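What follows is a single structure, written as structure tokens, with notes after it.
The values are calculated or read from the model by the stated rules, or taken from the named source; none is laboratory data. Note that the coordinates shown come from a computational prediction; the quantities given were computed from them, not determined experimentally. Don't worry about glycine lacking a Cβ; one is built from the backbone with ideal geometry, like all the others, and counts go over all protein chains shown. Heavy atoms of the whole protein, side chains included, go into the accessibility calculation; ligands, DNA and RNA do not. Shrake-Rupley method; radii C 1.70, N 1.55, O 1.52, S 1.80 Å.
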Amino acid sequence: KSSNIGTAKIAVLMGKERLDQTLRTFGFGKPTGIGLDSEASGIYRKLKDWDGLSVSRFSIGQGVLVTPLQMVQAYCALANHGRMPPLHLVAGVKDPGTGKIMKKQRPAAHAVIGEDAARAITEALKLVTQEGGTAPQAAVAGYEVAGKAGTAQKVVNGQYEAEYVASFIGYVPADDPALVLLIAVDGPS
């Protein structure tokens, strides 16, 4: 089961510099570079602006705002065995005259965590969609799904309110992923 307290304790042990480096390595606080004009960078404070509670709060998603594309990019790194591939919208362009498809050149994926760590995280995320996990409804018959359910409080007029965004993000097949998917519901009832 997910544990905000456990996550916060791990973050405190990591320390603010290492946590900041880890979150930035996964792409939080900057646009993904997918090629959309005016892509948002989310809200992620510079390390010098962190206060005494930032480590425990940022690690559970409080005090930060990440975009759906940033979440997908981070999960792509987990699904890709620790290597973050650049996101893209267009794989290639078809020449209307010849019908030939010219593939768009993309930068290579870069390592954000070790392969063993990514495998261990995948194993834990598989439990989420199994019986007794927090999101068994996300299971897909015949496949193992690795993912995480989320509940984010919304900020209204600068304060957290009793309004939420519920989400699930995951990848399938868990051990050789072909698809990363994020589903979010604003104001679930």
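Given the conditions (1) in contact with an Asp or Glu (Cβ under 9 Å, 6 or more places away or on another chain); (2) part of a loop (DSSP other than H, G, I, E, B), which single one is not true for K126?
(2)
So in the stretch 174-189, with the set limited to residues that are part of a loop (DSSP other than H, G, I, E, B) and modelled with pLDDT of 95 or more, which one is most open to solvent (accessible area, probe 1.4 Å)?
Just the residues of the stretch 174-189 that are part of a loop (DSSP other than H, G, I, E, B), to begin with: 174-178, 187-189.
Restricting the remaining residues to those that are modelled with pLDDT of 95 or more gives 174-178.
Working: A174: 5, D175: 84, D176: 114, P177: 36, A178: 94 Å².
Going through the qualifying residues, I end up with D176.
Taking Y171 as meeting all but one of (1) open to solvent by 40 Å² or more (accessible area, probe 1.4 Å); (2) hydroxyl-bearing (S, T, Y); (3) in contact with a Pro (Cβ under 6 Å, 6 or more places away or on another chain), write down the number of the exception.
Condition (1) is where Y171 drops out.
Might you let me know whether the stretch 140-154 holds any residue that is within 25 Å of I34 (Cα to Cα) and surrounded by fewer than 12 Cβ atoms within 10 Å (Cβ to Cβ)?
no
Being in a loop (DSSP other than H, G, I, E, B) and open to solvent by 60 Å² or more (accessible area, probe 1.4 Å) is the filter here; which residues of the stretch 1-16 pass it?
From the stretch 1-16, those in a loop (DSSP other than H, G, I, E, B) are 1-3, 15; that's our starting set.
Across the stretch 1-16, the qualifying residues are K1, S2.
For the stretch 129-139, name all the residues that are open to solvent by 70 Å² or more (accessible area, probe 1.4 Å) and part of a loop (DSSP other than H, G, I, E, B).
From the stretch 129-139, those open to solvent by 70 Å² or more (accessible area, probe 1.4 Å) are 130-131, 137; that's our starting set.
Listed by number, the residues that qualify are Q130, E131.
Kindly indicate the residue of the stretch 102-111 that is in a loop (DSSP other than H, G, I, E, B) and touching a strand residue (DSSP E or B) at 6+ places or on another chain (Cβ under 7 Å) and also least open to solvent (accessible area, probe 1.4 Å) among those meeting that condition. Full working, then the answer.
Restricting attention to the stretch 102-111, the residues satisfying the condition of being in a loop (DSSP other than H, G, I, E, B) are 104-109.
After this cut, where a residue has to be touching a strand residue (DSSP E or B) at 6+ places or on another chain (Cβ under 7 Å) as well, the list is 104, 109.
Values: K104: 113, A109: 25 Å².
Result: A109.
I'd like the residue in the stretch 30-59 that is part of a helix (DSSP H, G or I), open to solvent by 30 Å² or more (accessible area, probe 1.4 Å) and out of contact with any Gly (no Cβ under 7 Å at 6 or more places or on another chain) and, out of all such residues, is nearest to V180 (Cα to Cα).
Filtering the stretch 30-59 for residues part of a helix (DSSP H, G or I) gives 47-49, 54-58.
Checking the rest, the ones that are also open to solvent by 30 Å² or more (accessible area, probe 1.4 Å) come to 47-49, 56-57.
If we keep only those that are out of contact with any Gly (no Cβ under 7 Å at 6 or more places or on another chain) too, we end up with 47-49, 56.
Details: L47: 30, K48: 34, D49: 33, S56: 28 Å.
Only one residue fits best here, namely S56.
Any residue in the stretch 63-78 that's surrounded by 21 or more Cβ atoms within 10 Å (Cβ to Cβ): show its pairings with residues that are hydroxyl-bearing (S, T, Y) and not in a helix (DSSP H, G or I) at Cβ separation under 7 Å, as long as the two are six or more apart or on different chains.
Hits for this filter: Q70/T32; Q73/T32; Y75/Y171.
Here are A166, A149: which of them is under 22 Å from P68 (Cβ atoms), in contact (Cβ under 8 Å) with a residue 60 or more places away in the chain and assigned to a strand (DSSP E or B)?
Values: A166 fails: in contact (Cβ under 8 Å) with a residue 60 or more places away in the chain.
Criteria check complete, one pass: A149.
I'd like the full set of residues that are open to solvent by 60 Å² or more (accessible area, probe 1.4 Å) and within 13 Å of the chain's Cα centre (by Cα), limited to the stretch 17-29.
Within the stretch 17-29, the first condition is being open to solvent by 60 Å² or more (accessible area, probe 1.4 Å), and the residues that meet it are 17-18, 21, 24.
If the condition is that a residue be open to solvent by 60 Å² or more (accessible area, probe 1.4 Å) and within 13 Å of the chain's Cα centre (by Cα), then R24 is the only one that fits.
Answer yes or no as to whether Q62 is closer than 24 Å to V165 by Cα, assigned to a loop (DSSP other than H, G, I, E, B) and not small (G, A, S). Outline the logic, then answer.
Details: closer than 24 Å to V165 by Cα: yes; assigned to a loop (DSSP other than H, G, I, E, B): yes; not small (G, A, S): yes.
The answer is yes for Q62.
Residues G114, G92, G99: which one is in contact with a Lys or Arg (Cβ under 7 Å, 6 or more places away or on another chain), open to solvent by less than 70 Å² (accessible area, probe 1.4 Å) and farther than 16 Å from I183 by Cβ? Talk me through it step by step, then tell me what you get.
Working: G114 fails: in contact with a Lys or Arg (Cβ under 7 Å, 6 or more places away or on another chain); G99 fails: in contact with a Lys or Arg (Cβ under 7 Å, 6 or more places away or on another chain).
That would be G92, the only listed residue that is in contact with a Lys or Arg (Cβ under 7 Å, 6 or more places away or on another chain), open to solvent by less than 70 Å² (accessible area, probe 1.4 Å) and farther than 16 Å from I183 by Cβ.
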